[in-house]
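Worksheet: the structure to be examined is printed underneath.
The values are calculated or read from the model by the stated rules, or taken from the named source; none is laboratory data. Predicted model, so just to flag it, every value in this text is computed and none were measured. Cβ coordinates were reconstructed from backbone atoms using ideal geometry, including for glycine residues, and neighbour counts include every protein chain displayed. The area values use the complete protein model at the heavy-atom level, side chains included, leaving out ligands, DNA and RNA. Shrake-Rupley method; radii C 1.70, N 1.55, O 1.52, S 1.80 Å.
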Amino acid sequence: MSNNNTTTTDTKGRCLVLLPLPFQGHLSPMLQLANILHSKGFSITILHTSFNSPNPNNYPHFNYVPIPDTSEANLCVSSDDVGKVIRFMHDVNINLVDPIRGCLERLMSEDKGVACLITDAQWSCTQSVAEGLKLPRIVHRTSNISSFRSFAAYPASHDKGCVQSISDEETKSKALVPGLESLKVEALPKFHAYDAEVVSKVIERMVQATKRAHAYFATSSSSLLEQDKTSLSWLNKYPPKSVLYVSFGSIVKVDESQFLEIAWGLANSKQPFLWVVRPRSIEGSEWLEPLPNGFLDRIVEGRGYIVKWAPQQDVLAHPAIGGFWTHNGWNSTLESICEGVPMICSPSFGDQIPNARHVSNVWKIGVELEHRFKRREIESAIKKVMVDDEGLQLRNKIIDLKQIASFCLKKGGSSYSSLEDLVNYILSF
Ligand code: UDP
């Protein structure tokens, strides 16, 4: 994103402290935000836990301050267990209050001072710390606003079914917010006298290349795990929109029988697939031990490729990808929309559930599995998205949404303006 000269002058030297939650889906968007704010002229300090600490080499222009931690809480979590993750959030919000306050006091006493603190929404303890220090705090959320509303309704409700129905109503009414249709009728350029197919290809490539130059903040630079780039060379041998990408993010786990249902669903669909299986994401297994013998070579006959962690944004942008079977984490959902890839939805917990409802029922850019992992249903969903006419309709819809997302990121668009507003807001402190 280019610098706005006026803003750069105004912001120069002002220090922002950002405190991310140390999990992939939270860390990447916050470091991207930090990078954007840095491009606006702010100096950036990342306050971080020793657990999953960001690699300073990826963003050498930031300052890094580790939170000194004498408790065990910061040391003992593995991000592949939801229960432990929630526990971690709970514990650090108690154990790290004083160390965080200490770090902030020190930073505020330095020459530049601190203009404001930006923390992940999960760092709830920092609100009172910030108030005590009279330091403005901005909350960074990594999931969408409708899920926030359903979270807000949650404590008042005693059963999950009720929360879900509230969230459905919310998402439905959100879908009717005017604006989407008006953006749809944006005038397209017309070139009557030329070969329509060639013209549309040339325009599409030009638009994609221009948009990437502005909108693409690769998460590869904040990936906590090593990305297996062989996924991309493997994809190169497949025709456009022929491969299903399968990944359930950085936290979701499955048990062995669910894993086998996934494997057989993929095999029986007869479609090529690139499948991310994180080590220890199958209960009781180190990695692929439960897979039937000869699964990739004999049963799938070479149509499948399994990696431990993929360069997801590059994978979704690869022309060979025709569908994304996802858990609907908000980052994955957004990344799929930004690349125009229709989804198969298997949400597991939290905001993934309303996200998946949005994708399948409201935006109609994907299909949701009724039972998360049943091989027959998986097979038929894959065929629906990758082969049938329904898949074509989903693809057309998501291309519309992708266009809308790209408008949001351009000057005058809502995301672009929100960032401008954020900078101006910080400057008003
Ligand atoms: N991701 C990745 N490689 C993978 C799987 C996921 O780089 O093999 C990235 C993905 O691009 C996204 C993040 O990990 O940015 C996952 O975030 P999301 O909110 O979708 O899910 P979470 O992991 O928080 O459940």
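Numbers below:
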{"item": "In region 42-70, the residues that are open to solvent by less than 20 Å² (accessible area, probe 1.4 Å), in a loop (DSSP other than H, G, I, E, B) and either free of Cβ contacts under 8 Å to residues at least 40 places away in the same chain or of a type in the set (A, V, I, L, M, F, W, C) (or both)", "result": "PHE42, PHE62, ILE67"}
{"item": "Residue within region 321-330 that is within 30 Å of HIS140 (Cα to Cα), within 11 Å of the ligand (Cβ to nearest atom), without any contact (Cβ under 8 Å) to a residue 60 or more places away in the chain and not acidic (Asp, Glu) present", "result": "yes"}
{"item": "Complete set of residues in region 388-428 that are in a loop (DSSP other than H, G, I, E, B) and touching a Lys or Arg at 6+ places or on another chain (Cβ under 9 Å)", "result": "LYS410"}
{"item": "Yes/no for ILE398 being open to solvent by 20 Å² or more (accessible area, probe 1.4 Å) and away from the ligand (no atom under 14 Å from the Cβ)", "result": "no"}
{"item": "Filter result (β-branched (Val, Ile, Thr) and either at pLDDT 95 or above or surrounded by fewer than 11 Cβ atoms within 10 Å (Cβ to Cβ) (or both)) within region 207-240", "result": "THR230"}
{"item": "Subset of region 296-349 (residues that are over 26 Å from PHE23 (Cα atoms) and of a type in the set (Asp, Glu))", "result": "ASP297, GLU301"}
{"item": "Selection status of LEU21, modelled with pLDDT under 95, under 16 Å from ILE138 (Cα atoms) and open to solvent by less than 70 Å² (accessible area, probe 1.4 Å)", "result": "yes"}
{"item": "Single unsatisfied condition, LEU334 versus (1) open to solvent by 40 Å² or more (accessible area, probe 1.4 Å); (2) within 19 Å of LYS237 (Cα to Cα); (3) within 12 Å of the ligand (Cβ to nearest atom)", "result": "(2)"}
{"item": "Identity of the residue in region 268-283, assigned to a loop (DSSP other than H, G, I, E, B) and within 16 Å of the ligand (Cβ to nearest atom), that ends up most open to solvent (accessible area, probe 1.4 Å)", "result": "ARG280"}
{"item": "Residues satisfying the stated conditions in region 247-267, i.e. within 13 Å of the ligand (Cβ to nearest atom) and of a type outside the set (A, V, I, L, M)", "result": "SER247, PHE248, GLY249, SER250, LYS253"}
{"item": "Those residues of region 353-363 which are in a helix (DSSP H, G or I) and either under 18 Å from VAL385 (Cβ atoms) or aliphatic (A, V, I, L, M) (or both), in sequence order", "result": "ILE353, ASN355, ALA356, ARG357, HIS358, VAL359, SER360, ASN361, VAL362"}
{"item": "Residue list for region 221-246, filter: more than 13 Å from the ligand (Cβ to nearest atom) and under 17 Å from PRO311 (Cα atoms)", "result": "SER233, TRP234, LEU235, ASN236, VAL243, LEU244"}
{"item": "Unmet requirement for ALA310, which otherwise passes all of (1) closer than 15 Å to ILE262 by Cα; (2) within 12 Å of the ligand (Cβ to nearest atom); (3) open to solvent by less than 10 Å² (accessible area, probe 1.4 Å)", "result": "(1)"}
{"item": "Residue within region 299-322 that is in contact with a Pro (Cβ under 7 Å, 6 or more places away or on another chain), farther than 23 Å from GLY391 by Cβ and not in a helix (DSSP H, G or I) present", "result": "yes"}
{"item": "Single residue of region 375-395 satisfying the filter (open to solvent by less than 40 Å² (accessible area, probe 1.4 Å) and not aliphatic (A, V, I, L, M)) that is farthest from the chain's Cα centre (by Cα)", "result": "GLY391"}
